[in-house]
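Colleague: Please see the structure below; I have some questions.
The values are calculated or read from the model by the stated rules, or taken from the named source; none is laboratory data. Since the structure is predicted, the reported quantities are computational estimates derived from the model, not experimental observations. Counting neighbours? That spans all protein chains shown, and the Cβs are built from the backbone with ideal geometry, glycine included. Accessible surface areas use protein heavy atoms only, side chains included; no ligands, DNA or RNA. Shrake-Rupley method; radii C 1.70, N 1.55, O 1.52, S 1.80 Å.
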Amino acid sequence: MTDSLVACPECDALHERRELAPGTKARCVRCGAVLYRRSYLELDHQLALVTTAILIYLIANSFPIVDLEIQGRSNSTTLVGSVLALWREGREIVAILVFATTQLFPLVDLGALFALLLMIRRGRPALAFAPILRFLQALRPWGMIEVFMLGIVVALVKLSNMAEVVPGIALWAFGLLTILLAVILSLDLRSLWRAGERVIVRPRRRFPPKQSAHP
């Protein structure tokens, strides 16, 4: 009975759950809050999208962000190198924040989502499904790659007056990663829970075979 009902996250009003068309969302009739939504992407498409984002993330962290040429001298660095430079300059807190929000949290987010989709794809019971999903829900607000990209653009505009700035492979990869993460973050985790509830959280019970009664 409770599987067919959904509570509003804002006013706790109960609604009957109905199947939605792809790309639509259900709203509360009382306060207008979003109850749940259905993505345009099916689970296999979401898994492919997350896998692509992980590969782009690895590329973005393996190549230089920009190349700076000042008076015939060239200098380039990766994102990891910039974090280490901040650490060596005595800005440990800033280095930790940059590393956490632009590298650690996005990677953990993508890894957790990849694991959840893979569990659903395999359709086997997994005790870690619910804890990982709750952890992912709590982690989502800490990913700030879009803020990092905005900061890079502003810095490049200012540096263009003093030096020749050549965008590196990592900069384009981070731009593509920002777009992919925007699509991934738009996926409703509640629909992910709904998809995994039937095959993972509540697997079918296997009853032992009936034993024949002996006379």
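Colleague: Enter the accessible area of Tyr36 (Å², nearest 10), with the probe set to 1.4 Å and all protein chains included.
Modeller: Accessible surface of Tyr36 is approximately 20 Å².
Colleague: What residue among Val98, Ser62, Tyr40 has its Cα farthest toward the positive end of the dipole of the range 1-132, where the charges are +1 on Lys, Arg and -1 on Asp, Glu, each on the Cβ?
Modeller: Working it through, the farthest residue towards the positive pole turns out to be Tyr40.
Colleague: So how much accessible area does Cys11 have, in Å² to the nearest 10, using a 1.4 Å probe?
Modeller: Result for Cys11: roughly 40 Å² accessible.
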